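In what follows, a structure is listed as structure tokens, so that the remarks can point back to it.
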Amino acid sequence: MSIKVYVPLDSGSVALGADDVASAIAAKASKAGSDVKIVRNGSFGMYWLEPMVEVETPRGRVAYGPVSTDDIDALFEADFLTGGPHKLYLGRTQEIPFLKSQSRLTFQRCGIVDPVSLDDYRANDGLTGLESALKMTDAEIVKAVTDSGLRGRGGAGFPTGIKWNTVREAPADQKYIVCNADEGDSGTFADRMIMEGEPFVLIEGMIIAGLATGATKGYVYTRSEYPTAIDVMNEAIKVARAAGVLGDNVLGSGKAFDMEVRMGAGAYVCGEETSLLNSMEGKRGVVRAKPPLPALEGFLGRPTVVNNVISLCSVPVILEKGAEYYRDYGMGRSRGTIPIQIAGNVKHGGLYEVGFGLTLGEIVEQIGGGTATGRPVKAVQVGGPLGAYFPKELFDTPFDYEEFAKRDGLIGHAGVVVFDDTVDMMKQARFAMEFCAIESCGKCTPCRIGSIRGTEVVDKLERGEQPELQTELLRDLCETMKFGSLCALGGFTPYPVLSALTHFPDDFKPRALDIAAE
Amino acid sequence: MSETTEDQNVRVAAICDQLITLEGPLLPILHEVQEEFGYIPDGALQTIAKKLNLSRAEVHGVASFYHDFREEKAGKHVIKICRAEACQAMGADALGDQIRRHLKVDWSQTTADRKITLEPVFCLGLCACAPAAMIDGKVVGRVSADRILQKVGS
């Protein structure tokens with residue numbers, strides 16, 4: 001019987017050399033006459049250990065990492081195919097502390113299964129959520145999702161069940177489920193990881209959403225920057241269709257649901273739901289004014305659920321184990337688990353799924369292990385390019401929608417980007433404005449013009465031209481953008497700018513004067 | 001050997017015919033045209049417009065809105081360097097400066113010998129192995145200027 005060796009196909013792992021490692025293992029095994037079957041799995045999300053190679057042994061799956069092609073000879077000499085000792089040996093995968101201490105509900109199979117094997121997915125309790133949903137009425141499914149407390153994981157935190165109910169009650173001959181997989185926020189990669197590592201859970205979640213709302217057609221709108229995620233999703237959809245999971249007769253229930261993947265074209269603003277719908281319709285990705293809500297007039301003017309990948313991927317476990325099981329995780333009004341993505345200048349970067357409520361300090365210092373450079377942490381940006389910068393003084397903030405809002409921040413898509421003490425916060429504030437200017441769709445003035453003026457004001461601050469006046473002007477401009485913009489791009493760009501200005505005032509002193517003073 | 005505009009139009013029309021039944025076919029068509037030609041030829045706009053019953057201006061408006069669609073062919077190699085925050089935290093700004101200096105181009109430009117196009121990208125989802133880049137469609141993490149240049153043979 002052949003020995004199963006797992007080498008991730010995850011883009012993060014491939015970016016660190018997983019493809020070369022996989023071919024080197026295959027070549028060496030065939031030379032040594034070992035019967036090896038290489039499975040390209042998803043990543044467990046421990047990127048400091050990638051490429052992480054696993055071997056199936058009688059004592060379970062054991063891991064080695066980070067493996068480079070230079071290590072292959074030594075690994076074979078150490079008899080790694082039977083789990084032999086080697087300096088890269090990490091023990092049983094599930095016992096690795098970073099993984100063991102998580103509460104993996106949404107990502108429970110990511111890394112474990114062959115992403116495009118429906119048999120693997122079923123063998124690990126996949127499709128049980130869909131099977132129970134098929135025995136329920138649409139209203140019962142919506143109630144389960146509402147009772148679970150699940151809120152939109154894309155950033156807005158809107159209760160998923162309420163959105164579904166609006167679509168369920170809207171009369172129409174055709175309704176749609178649109179999965180927003182336009183994950184453009186820096187510091188976030190949960191959507192990519194799950195689409196590459198466990199695509200069937202997204203398919204299952206979308207079918208359940210269809211059953212709950214009466215939608216029979218689904219779209220996954222994702223980024224052109226994610227070619228592997230697109231390939232894996234397309235392959236999984238094909239497999240699901242062939243197995244009768246998708247199609248006119250979902251699992252023999254007589255109910256129909258089918259879906260396809262659509263690729264964006266490099267516009268950050270298309271992560272905003274109305275821009276996304278315009279883009280899917282083949283228009284410029286310009287924001288639409290709301291109302292009408294997409295739930296009533298969405299894709300092609302029809303009732304449409306627009307949900308984030310992680311929201312939809314959290315649905316199967318809720319239907320499988322019940323609303324209460326999911327709701328028991330978390331704190332306050334933030335129920336369930338959240339896949340936190342720890343990134344940037346951090347020692348242990350990766351994905352950590354856990355109930356809401358850990359403090360920012362625990363996430364950065366304990367789980368993340370501090371900076372990669374070994375220097376002190378200066379700032380942490382939470383929630384992508386539109387999220388606030390937090391100083392160490394606010395590290396006691398619990399990871400919770402409301403607690404972050406209280407401190408003028410947001411958790412967004414739960415990306416946490418760590419910066420060491422070499423970061424220049426004035427530069428970061430300028431970048432936030434510059435990014436908004438580059439990505440603005442141009443529909444509303446505060447965003448289109450405000451962002452350009454914002455970069456100019458920061459430039460004047462840097463040159464020391466009337467610094468007090470510029471600071472006041474920058475705050476005033478941020479107020480205008482915050483309250484006058486149509487969508488979150490212009491409306492939230494002030495978060496990084498104002499938080500940098502408020503928490504790191506020393507970085508906003510004129511540079512020219514500094515030099516003169518030296 | 002450059003093909004005639006007429007040949008080009010035939011190929012564009014064939015792509016349109018193949019995808020026109022999709023709901024919202026314009027983006028898939030533009031992607032496919034770019035895949036076929038390496039850019040969106042000017043003449044393609046009129047052909048697509050006719051097929052989809054749109055004005056040429058509308059198609060141009062869409063094609064020019066998205067960063068992905070090119071008006072002219074890229075260089076032989078395309079280097080995309082992530083300029084977003086997580087990569088900035090790991091030195092992406094300095095990396096971009098080094099590459100620009102070495103290649104003597106700015107962002108979104110192609111070297112004079114048409115060998116290399118340098119483009120910024122805002123997030124490849126490789127934020128836990130920053131700084132990241134994509135070279136000819138292949139992702140690389142924890143990358144240095146030397147490694148990027150070595151990969152494109154410069």
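The values are calculated or read from the model by the stated rules, or taken from the named source; none is laboratory data. The structure displayed is predicted, hence computed values, not measured ones. Glycine gets a Cβ as well: all are built from the backbone with ideal geometry, and neighbour counts include every protein chain shown.
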Point to revise | Any hit, segment A:368-383, residues being in a loop (DSSP other than H, G, I, E, B), in contact with an Asp or Glu (Cβ under 9 Å, 6 or more places away or on another chain), farther than 19 Å from A:Val458 by Cβ and touching a residue at least 60 places away in the same chain (Cβ under 8 Å) | key: yes
Review point. Within segment A:118-135, how many residues are closer than 16 Å to A:Ala212 by Cα and free of Cβ contacts under 8 Å to residues at least 24 places away in the same chain?
Key: 1
Review point. Is it the case that segment A:262-281 has a residue that's basic (Lys, Arg) and touching a strand residue (DSSP E or B) at 6+ places or on another chain (Cβ under 6 Å)?
Key: yes
Practice item. Return yes when A:Ala170 is modelled with pLDDT under 95 and surrounded by fewer than 24 Cβ atoms within 10 Å (Cβ to Cβ) and no when it is not. Key: no
Exercise for review: Report those helices (runs of 4 or more DSSP H) wholly inside segment A:402-518 carrying at least 1 residues which are over 29 Å from B:Val121 (Cα atoms), over 29 Å from the mean Cα position of the chain (by Cα) and at pLDDT 95 or above.
Suggested key: A:467-484
Check your understanding: How many residues, within segment A:188-219, are touching a Pro at 6+ places or on another chain (Cβ under 7 Å) and either at positive phi or assigned to a loop (DSSP other than H, G, I, E, B) (or both)?
Key -> 1
Practice item. Considering only segment A:221-238, state which residues are touching a residue at least 40 places away in the same chain (Cβ under 8 Å) and among the β-branched types (Val, Ile, Thr). Key: A:Thr222, A:Thr228, A:Val232
Exercise for review: Only residues in segment A:187-201 that are not assigned by TED's automatic domain parsing to the domain that holds A:Ala388 and acidic (Asp, Glu) count as the first member; pair them with residues that are assigned to a helix (DSSP H, G or I) and modelled with pLDDT of 95 or more, Cβ under 6 angstrom, at least 6 apart or cross-chain, and list the lot.
Suggested key: A:Asp191/A:Val309; A:Glu196/A:Thr228; A:Glu196/A:Ala229; A:Glu196/A:Val232
Check your understanding: Which numbered condition trips up A:Tyr221, out of (1) aromatic (Phe, Trp, Tyr); (2) more than 9 Å from chain B (Cβ to nearest Cβ); (3) under 16 Å from the mean Cα position of the chain (by Cα); (4) crowded, with 24+ Cβ neighbours inside 10 Å?
Key -> (4)
**Study point:** Among the residues listed as A:Thr146, A:Thr166, the single one being assigned to a helix (DSSP H, G or I), touching a helix residue (DSSP H, G or I) at 6+ places or on another chain (Cβ under 6 Å), touching a residue at least 12 places away in the same chain (Cβ under 8 Å) and among the hydroxyl-bearing types (Ser, Thr, Tyr)
**Key:** A:Thr146
**Study point:** Options B:Phe69, B:Phe122; residue that is in contact with a strand residue (DSSP E or B) (Cβ under 8 Å, 6 or more places away or on another chain) and aromatic (Phe, Trp, Tyr)
**Key:** B:Phe122
